[in-house]
Amino acid sequence: MGADGWQWAQLCGHGENITAWNKNDFGRCFEQLAFACTTHALLAILSAYHFARHSHRQVLGPIPRSLTLHIRFALCVVLAGLPLVALVLAYLYVEIHPSLADIITWGIKAASWLIHSGYIWRLCRLYHIHIRGHVIVVISVLLTCASTAIQLRTSILNLLSEATHIMTVDDYVTFITNVLHLLYLLSLIPASRPDLIENSGSIQNVGGLQTESETAPLLQSQHRGCYGAVPISTATSDQLGGGDETAGCLSRLTFWWVTPLLLKGSQQHLNSATDLFDLPSRLNTQRIEEKFLEIMHDTPPQKARAEVLVDAVTDPYGDTHAPNSSSGGDVVISDGQIHKKKSLISALNTAFGIEYYSIGVLKLLADGFTFVGPMLLNWLVTYMEDPTEPSWHGYVYAAGLFLSTFLGSMCSTHFNYLVQIVGLKIRAAIITSIYRKSVLASSVSLSTFSVGEIINFMSTDVDRIVNFCPTFHNFWSLPFQIAVALYLLHQQIGLAFLAGLAFAILLIPVNRWIAIKIAQLSTSMMSHKDGRVKVMNELLTGIRIIKFYLWENHFRNKIGKLRNAELASLRGRKYLDALCVYFWATTPVLISVLTFATYTLLGHRLTAAKVFTSMALFNILIMPLNAFPWVINGLMEAWVSVRRVQVFLQLAELDRSKYYAKSQPDASSDSAVIIQQAQFSWSLAGDQEHPTDHPSHEVSSAQSNAEDEHINSVANARSSTQKLININLNIPKGSIVGVVGTVGSGKSSLLSAITAEMQREQGLVTVANLGDGFGLAAQEAWIQNASIKDNILFGKPYCEEKYAAVVEACALEDDLKVMPHGDETEVGENGVTLSGGQKARVALARAVYQDKDLYLLDDPLAAVDAHVAHHLFHKCIMGLLKTKTRVLCTHHTKYLRDVDLVVVMKQGTIVNSGIPADILDADDLDTTANANNSADDTAENKVEDVTADQEQYTGSSSLMQEEEKDTGVVKLHVYKSYWIAVGRILAPMILVSLLLMQATRNISDWWLSYWVTHSHSSSADHNTSVLNSLTLTHGHTHFLYRHTSMSISPWSNLTESEDNVAYYLAVYGILAGANSFFTLVRAFLFAYGGICAAVRIHKLLLARILKAPVGFFDVTPIGRIMNRFSTDLYSIDDALPFIMNIFLAQSYGLLGTLVITCYGLPWFSLLLVPLGIIYYFIQRYYRQTSREIKRITSVTLSPIYAHFSESITGLTTIRALRETDRFQAENRWRLEQNQRAQFTSQAASQWLGIRLQMIGVAMVTGVALIAVLEHHFRTVNPGLVGLAVSYALSVTGLLNGVVTAFTETEKQMVSVERAGEYITTTPTEKDWAILCAPPYWPIQGAIVFQRVFLRYRPSLPCALSGVCFETKPAEKIGIVGRTGSGKSSLFLALFRIVELEEGQVLIDGINVSHVPLGDLRSRLAIIPQDPFLFSGSVRENLDPEGFCHEGELWDTLRRCYLKDVVERLGGLNAQVAERGRHFSVGQRQLLCLARALLLRAKVLCIDEATASVDRQTDKLIQVTIREQFSDNTVLTIAHRTDTILDSDRVLVMHDGKVVEFAPPGILMQNEKSKFYGLVHGNA
């Protein structure tokens, strides 16, 4: 060719010359030099140029990592190494030296890709350059791809034209290079980089000058705007935006828009919900709530929105329910028309039905593409068995496998994503509806449900309803899959498929029975869980009293019984689950045995095409057959939950337009409140009972019957409590009305009647300016978990002058001065760190700050001393509120001289009313007994305790700690702790059984492959082809450069049994039986292990919580602890074992699949290595983010429950102050934070899913291509190919399933981590002891404090400083002192609630620190100021341990003046509602007194136990105490002077020290004594 031939031949080698065109193709040497060398040299030059050009520009500091660039870099490194691998193989194995042209070409390729990899690495830091790189470099890459494609064409033509069809090293390298080039081109698709994150650095000129300006602000503001209690986060440059709303089409298809989130997660920048995606507009909680509300009430959207605007201005009642409507029950009145209120399921269907049903198209397409795979597998194996079929058919089949798996993966991924989006909408709609119903339902109807039950509605039931979304589509999809699979099976093996089908059909009724039983057990389990959560909530609410009374064991046993009942149902469920798992796993093998045995016994010959196509169809068929009962079960569970929630949503709402008279007093009227001939009750009206249209299904009926029994018992108890009869009352505007009466006379009920909290049975109620609400200060002060300032403002704008006046009028100035952070001090849940008087004054200040026209004050003076009471009455009630209308319930009758009207109540009716001069004397009410009062404002925790608790746990103004959130991977010790909980012996047994199960399954399939290959191997040609195939598979790798050698077949040692069907069937049956056995063992071992772990973790968690000190509960919200005992424990009980079982099974399944595939097609291992590396990095990249999202999800879930519990507790106050809208807004905000985490989690999951499915697509395509290529060499075994491809078809789902299951396992393991955190880190009370208390200790009750120093933390001042005093046996001691003086600390030290720093406390000469806590607290008695009653019988509340007989209980009730009340309620077995709602506060205090009488303790501590009872009853109670405890030591912290004036001695505390200790008579004679000053209000 114009040059010396020998020279070109020497260059080209292999006997070739440099020929440009030879027949129908380029010359091989010409391709190398003209195409490959030139294009790669150009790539090297351009990459080096741009590498050097931008070496001085880079991003300083940490930057976002681009997964695309890292993948591209890895591909470049592999491409650089391929030529070197080829060179080594040529020298070492083939022993043919490559030509000079080969070496030059390989060298240039290696150098060019190595240089280009450096360019890609630099591109990672060239943030101003497009992610694809410079255009000219991209063009050079495309040229190299074109040159490699030309070489691929040459290799294929050579293979097709040569008889041997044995590939050379160059051919293999060419094929692999083209695959890598294709992957490189795919990496060019992403169009943008992830955004630079906060503080990630700036693009700078390393040489000195900055070339790119910094876009991030220098400082980030840490402040957040807020309105009321709803935080409004400010925008930052780090926000991810609204998810897919701004993404392009390709980004949405590939979920590329999720990549910035994964980037933040990999850099550990996901710390809170604000770091996640914003909710897209279609998931906006308020929009969903409004839309759903319109549909529920059948109100046209435009009309409803208009009515909302009008009602916000004109509604005279202050209602917040459906616009211009009366909602309750099944009927809604809107605009004068009566509409049928939609059921929950109907409303959900109307709101989300169209969107939800349309998604089913994707499901249908995905199912369709699923069946394309087995058909193409059949054609592919048939093609391999038929040597006469055209070669190009194989490539068509391989391409078809690629397209079907690719499109099926896309459809299924987007179906899952869209279904989850609908699920989030449903979740938002139901939770907001439940919360809205909770704050708008009447108190009477709401009392039929406990807080724990409603929390279960918002958690477990909502989750079940949301799970309905994918379940329903499976309901129609699974029968469709079954029908198509059966048809295709008939096409393959005729009627023989009926044998396997018959077995599968026989399992359907079994599975249905299992599903029904599981549904029944689930319902029973939920019922027991409701009870357990309810009792747990009560335990946490009253933990202080439980510690004092030593009731931990009682509540542990009570919870234990409920837990055992719950576990009994769970145990039955899990064993039935295990049975289903057994059927699921073993059915494919058994069906295969039956089908193929029938087929061969009918005289047919098994072929590889028929066997493995049938196996693929069986695998498709088994899933819907086994899953269908579970789908039915899921639908049933969702239906039960829908009915449960429906019952709650049908509660009658508080309709003020019906409750109050239509004609309200106008502005010119002189009356503020008018009540005429009215009767009120705490029971439901006859036609407003709970709806009884319960589900017809047997499970649902059982649930409904249980609900009816619960409702009826509570309603009956309510009906037995106080009624108001024949009430007539006219309150003039601007007046002050005093309401008095004995305990239980109906004073608080009268205020509830005015605020519409009771049921009006007859008469009229009119209130002026009703829409403005009431200034309510309830008898049980409700305090939010916030700062004192936020509690007072309660959502109103801050006005400094007004705020200062309110604080002064409510006597809070001195308290705020001694608090660690003034009014910014957080007070804990329910104000646990404030004294009773402080809580009462904060609640009063809140009401006063709201500036209402009508104030309802329910005994705000009861919890404060004489001086403070005098201040509150004159400065606040008669001062700041002097122009307002005031209704004051009080036992301080001396203040009634100044009121305008006195109302006397008795047994629910007004027995007298008039001016004070007439009423007070006529009713012989004591007006002088209040002249002297001891000074105190104490309860269980005083200011000194507040300070200590706050500083002890936080050291800042925030009392409640932020919930801890671990970062990074779930630690190994968490997994270890769970497996230890499963059992040290049981856990390894589970893993071994899994291994044996998978091994027998894979061996049985391998045996089937061997059967179809060898049962008819009679011809020498067939044997030769088999041996040739085995040469490729098992022989030495003499395949390079078309050199071959034969090797000994591994089959040679097997028994030759040609056409011996019985032999093959026997082996196959034995393997199937072994697989069935190991599957059964694995299923039941795992079920048993999961139950063992659930039992152990709950037992340890409950024990640790019960041992925690009181201070722990002060700084930990109840909702946070309840989250551990509800959501987290549900995960440990049910979700974690379920998903871990799936993960382990799929992991073993994936391992078996890869082993079988590589065994059948060894060349597949070359493709497996890079795909395995990509797989590893993708799942690792994803898990770094998914863990943090799961933790954020858990952390944002607790505040929803805590806020809900808080809202229910303060519902009366919230409604009276007309703040329900704001609290609903706060609930929406908290829910949105959790929804952001849920949405982000779903998006990240689909990001992973689409990528893993693409890896699966690559594996399926690679297996098919390798099989087709090997078919050309006649070295392929159709049986092994069929086995490999049938396994490979399942690898797509397995790849995604393993990572998804592992990620879900890790997510659920977070629940173990959170429970373990409490088990291991929660502080415990110090319960050491060096001696056992004598049986009758204490005998005398002599108490000695010897230089007692008590502090709550080393950095804080002492709460008690060197306290020394000694009591005599059976002495009565009164304890007084100003707030913060250390009075309550005496009780805390005595009961060892807080341990001493120095000194000792002796009782009868025994140091209490040497006695076990149980012995100590069981020998002492206390009557707290805040009474605590729990749900259960009256008998159980009085005597939880059951030590007293019935006559003793009745006698004690008589002495406490409660016998008549309990008889009206129904006797000792009558049920007490949650928090003792059936009793007034005074009656609850009397019940606590009855407990003390029953204990007969030698030492009794009284913390103003009669603050809420009337004066006359108080006198009688004091007589009872003196009589019953005449031989006992009694320590009394007093508010009323007459309760301690007859004490033997009075102990006066000041600044943690004892300043006076003498008989009260002596102290009163000394006008300079502290006690004298306290009594007369000048100390």
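Here are some notes:
- Candidates Arg464, Arg436 - the one that is of a type outside the set (Val, Ile, Thr) and within 19 Å of Ala652 (Cβ to Cβ): Arg436
- Among (1) within 26 Å of Leu996 (Cβ to Cβ); (2) open to solvent by 20 Å² or more (accessible area, probe 1.4 Å); (3) in contact with a Gly (Cβ under 6 Å, 6 or more places away or on another chain) - the single one Arg571 does not satisfy: (3)
- Residue in region 1254-1261 that is closer than 18 Å to Gly400 by Cα, modelled with pLDDT under 75 and assigned to a helix (DSSP H, G or I) present: no
- Some residue of region 1316-1333 being surrounded by 15 or more Cβ atoms within 10 Å (Cβ to Cβ) and in contact with a Ser or Thr (Cβ under 6 Å, 6 or more places away or on another chain): yes
To keep it simple, each residue is scored yes or no on (1) farther than 30 Å from Val1472 by Cα; (2) modelled with pLDDT of 70 or more; (3) open to solvent by 50 Å² or more (accessible area, probe 1.4 Å); (4) hydroxyl-bearing (Ser, Thr, Tyr).
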residue: Leu621; (1), (2), (3), (4): yes, yes, no, no
residue: Leu625; (1), (2), (3), (4): yes, no, no, no
residue: Ser657; (1), (2), (3), (4): yes, yes, no, yes
residue: Ser671; (1), (2), (3), (4): yes, yes, no, yes
residue: Pro691; (1), (2), (3), (4): no, no, no, no
residue: Ser700; (1), (2), (3), (4): no, no, no, yes
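- Sole exception among (1) farther than 20 Å from Trp782 by Cα; (2) surrounded by 24 or more Cβ atoms within 10 Å (Cβ to Cβ); (3) out of contact with any strand residue (DSSP E or B) (no Cβ under 8 Å at 6 or more places or on another chain); (4) not acidic (Asp, Glu) for Gly879, by number: (2)
- Scan region 791-819 for residues that are in a loop (DSSP other than H, G, I, E, B), on the phi < 0 side of the Ramachandran plot and either touching a helix residue (DSSP H, G or I) at 6+ places or on another chain (Cβ under 7 Å) or hydrophobic (A, V, I, L, M, F, W, C) (or both) and the total you get is 5.
- Some residue of region 836-847 being under 24 Å from Ala672 (Cα atoms), surrounded by fewer than 19 Cβ atoms within 10 Å (Cβ to Cβ) and touching a helix residue (DSSP H, G or I) at 6+ places or on another chain (Cβ under 7 Å): no
- Any hit, region 540-548, residues being closer than 28 Å to Val640 by Cβ and small (Gly, Ala, Ser): no
- Matching residues, region 546-566, being open to solvent by 10 Å² or more (accessible area, probe 1.4 Å), of a type outside the set (Lys, Arg), under 25 Å from Asn1123 (Cα atoms) and part of a helix (DSSP H, G or I): Glu552, Asn553, His554, Asn557, Gly560, Leu562, Asn564, Ala565
- Being of a type in the set (A, V, I, L, M, F, W, C), under 30 Å from Ser1361 (Cβ atoms), in a helix (DSSP H, G or I) and at pLDDT below 80 is a condition met by at least one residue of region 926-944.
- Test: residue in region 1411-1422 that is assigned to a loop (DSSP other than H, G, I, E, B), out of contact with any Leu (no Cβ under 6 Å at 6 or more places or on another chain), modelled with pLDDT under 80 and open to solvent by less than 30 Å² (accessible area, probe 1.4 Å): no
- Test: residue in region 1212-1226 that is hydrophobic (A, V, I, L, M, F, W, C), over 30 Å from Gly452 (Cα atoms) and assigned to a helix (DSSP H, G or I): no
- Contact map, region 858-882: residues that are at positive phi paired with residues that are open to solvent by 10 Å² or more (accessible area, probe 1.4 Å) and part of a helix (DSSP H, G or I), Cβ distance under 9 Å, separation 6+ or inter-chain. Pairs shown: Asp859/Lys747; Asp859/Ser748; Asp859/Ala840; Asp859/Val1481.
- Residue pairs whose Cβ atoms lie under 9 Å apart, sitting 6 or more positions apart in sequence or on different chains, and linking a residue in region 648-660 that is over 12 Å from Ile434 (Cβ atoms) to a partner that is among the aromatic types (Phe, Trp, Tyr) and open to solvent by 20 Å² or more (accessible area, probe 1.4 Å), are Asp655/Tyr317; Arg656/Tyr317; Ser657/Tyr317; Tyr659/Tyr317; Tyr660/Tyr317.
- Within region 1548-1579, if we keep just the residues that are charged (D, E, K, R) and modelled with pLDDT under 85, the residue that is most open to solvent (accessible area, probe 1.4 Å) turns out to be Lys1568.
- Test: residue in region 510-524 that is among the β-branched types (Val, Ile, Thr), free of Cβ contacts under 8 Å to residues at least 60 places away in the same chain and surrounded by fewer than 18 Cβ atoms within 10 Å (Cβ to Cβ): no
- A count restricted to region 1320-1346 and to residues that are of a type in the set (Lys, Arg) and closer than 27 Å to Ser1526 by Cα stands at 0.
- Of all the numbered requirements in (1) surrounded by fewer than 24 Cβ atoms within 10 Å (Cβ to Cβ); (2) assigned to a loop (DSSP other than H, G, I, E, B); (3) over 40 Å from the mean Cα position of the chain (by Cα), Leu861 misses one, and that requirement is (1).
- Within region 1284-1298, the presence of a residue that is open to solvent by 30 Å² or more (accessible area, probe 1.4 Å), farther than 17 Å from Ser412 by Cβ, among the hydroxyl-bearing types (Ser, Thr, Tyr) and modelled with pLDDT of 70 or more is excluded.
- Leu507 being modelled with pLDDT of 80 or more and open to solvent by 10 Å² or more (accessible area, probe 1.4 Å): no
- Where Val743 falls short, out of the listed (1) buried (at least 22 other Cβ atoms within 10 Å of the Cβ); (2) farther than 30 Å from Asp918 by Cβ: (2)
- Which listed residue, of Phe1443, Phe1428, is part of a loop (DSSP other than H, G, I, E, B), open to solvent by 30 Å² or more (accessible area, probe 1.4 Å), modelled with pLDDT under 85 and under 15 Å from Arg1491 (Cβ atoms): Phe1443
- In region 1331-1409, counting only strands (runs of 3 or more DSSP E) that sit wholly within it, the ones holding 1 or more residues that are under 30 Å from Gly1573 (Cβ atoms), in contact with a Cys (Cβ under 7 Å, 6 or more places away or on another chain) and among the charged types (D, E, K, R) span 1343-1350.
- Single residue of region 272-289 satisfying the filter (charged (D, E, K, R) and surrounded by 18 or more Cβ atoms within 10 Å (Cβ to Cβ)) that is farthest from Val1195 (Cα to Cα): Glu289
- Test: residue in region 1170-1180 that is under 20 Å from the mean Cα position of the chain (by Cα) and among the basic types (Lys, Arg): no
The values are calculated or read from the model by the stated rules, or taken from the named source; none is laboratory data. If you're wondering where the values come from, they're calculated on a predicted model, not measured in any experiment. Neighbour counts are summed over all protein chains in view; Cβ atoms, including those assigned to glycine, are modelled from backbone coordinates with ideal geometry. All accessible areas refer to the heavy atoms of the entire protein, side chains included, with ligands and DNA or RNA removed. Shrake-Rupley method; radii C 1.70, N 1.55, O 1.52, S 1.80 Å.
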